[in-house]
Amino acid sequence: MRTVYVNGEYLPETEATVSIFDRGFLMADGVYEVTSVLGGKLIDFDGHLARLERSLSELDMKKPAAFDDLLDIHRELVRVNGITDGLVYLQVTRGSDGDRDFVFPDPETTEPTLVLFTQSKPGLADSPAAKTGIKVIGIEDIRWGRRDIKTVQLLYPSMGKMMAKKAGADDAWMIEDGHVTEGTSNNAYIVKGNTIVTRHLSTDILHGITRAAVLRFAREAQMQVEERAFTMDEAKAADEAFVTSASAFVMPVVEIDGTALGDGTPGPVAKRLREIYLEESLKSAV
Ligand code: PMP
């Protein structure tokens, strides 16, 4: 049985509890991070911690008491659960003051809730999907306007994943004002000629930690990068496409709304960036 962490305690998963009045449960008043684990080490940990700090501050949420110990808690969970490849999920909510109220509870008297747990995913970096590539469909982006904050409001992205499955695809790209924002749980990219195009950072998308690393590696490898919005028509006419996230790394996209890209197999840029990302991020794993 998994050992999980809740508010200062390591517990068997069946004994870990959170109040029914927790604002994460009642109002999606919470933020999260997912850090991947490869070879027992945490990938891009500093980036995830920095984004967590920013998410908390944008929502005027107090840092949980154990904030400075988060690296130790991640490592301890990886150790006790014997995780070689997998993920550490972390969630902070505004906590519970024992009732339901739209008004934020007083941070002086109400502690945030801090929960972490692991997911074991043996062979995470060798997923079969990375070899075949995935298929995506376009759906309207009807999420709220602060997608740069990593909140636990994941109902629409979850519905998007279901819409994709129903359409025989693997994932959905969300579209706003005719332009792709991002995938349901990843950042979206197209490649045309020698140029990689991905949407610029703003409040419209999550500032992916993997995105930042991949763009840095792409530029270091002398690839051209354009950070701007693109349309689905542009995407369907691209040479290749891919998505990035902490758990999928760089994942090739081979079909968009039923149109195969190139010869319908993962393209060279996506394959190369996946290799570079895995190699380089392992070097800085902690
Ligand atoms: N966009 C969205 C909407 C996401 O949910 C995620 C994954 N959390 C990403 C992008 C990718 O971010 P990261 O590379 O930090 O995992």
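No lab work stands behind these numbers, since they all come straight from the coordinates. Worth saying up front: this structure is predicted, and the values here are computed from it rather than measured. Because the Cβ atoms are built from the backbone with ideal geometry, glycine has one as well, and the counts that use them run over all protein chains shown.
Values as computed for the structure displayed
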quantity: Residue match in region 109-126 (condition: within 16 Å of the ligand (Cβ to nearest atom) and surrounded by fewer than 16 Cβ atoms within 10 Å (Cβ to Cβ)); calculated: no
quantity: Any chance residue 204 is under 23 Å from residue 164 (Cβ atoms) and over 21 Å from the mean Cα position of the chain (by Cα); calculated: no
quantity: Within region 63-87, tally of residues that are within 22 Å of residue 23 (Cα to Cα) and more than 22 Å from the chain's Cα centre (by Cα); calculated: 2
quantity: Scope region 120-175; condition under 29 Å from residue 93 (Cα atoms), within 17 Å of the chain's Cα centre (by Cα) and part of a helix (DSSP H, G or I); matching residues; calculated: 124, 155, 156, 157, 158, 159, 160, 161
quantity: Search result, residues across region 186-196 that are touching a residue at least 40 places away in the same chain (Cβ under 8 Å) and either part of a strand (DSSP E or B) or in contact with a helix residue (DSSP H, G or I) (Cβ under 6 Å, 6 or more places away or on another chain) (or both); calculated: 187, 188, 189, 190, 191, 192, 196
quantity: Residues within region 43-101 that are closer than 30 Å to residue 276 by Cα, away from the ligand (no atom under 16 Å from the Cβ) and small (Gly, Ala, Ser), tallied; calculated: 1
quantity: So residue 101, is it outside any strand (DSSP E or B) and either surrounded by 16 or more Cβ atoms within 10 Å (Cβ to Cβ) or in contact with a Cys (Cβ under 9 Å, 6 or more places away or on another chain) (or both); calculated: no
quantity: Where residue 150 falls short, out of the listed (1) touching a helix residue (DSSP H, G or I) at 6+ places or on another chain (Cβ under 8 Å); (2) farther than 17 Å from residue 58 by Cα; (3) within 16 Å of the ligand (Cβ to nearest atom); calculated: (2)
quantity: Counted residues, region 162-215 - those being small (Gly, Ala, Ser) and under 20 Å from residue 143 (Cα atoms); calculated: 8
quantity: Residues of region 76-117 that turn out to be within 20 Å of residue 48 (Cα to Cα) and in contact (Cβ under 8 Å) with a residue 60 or more places away in the chain, as a count; calculated: 12
quantity: Matching residues in region 200-214 - criterion: being within 10 Å of the ligand (Cβ to nearest atom) and assigned to a loop (DSSP other than H, G, I, E, B); calculated: 205, 206, 207, 208
quantity: Those residues of region 226-252 which are within 16 Å of the ligand (Cβ to nearest atom), aliphatic (A, V, I, L, M) and over 17 Å from residue 271 (Cβ atoms), in sequence order; calculated: 229, 246
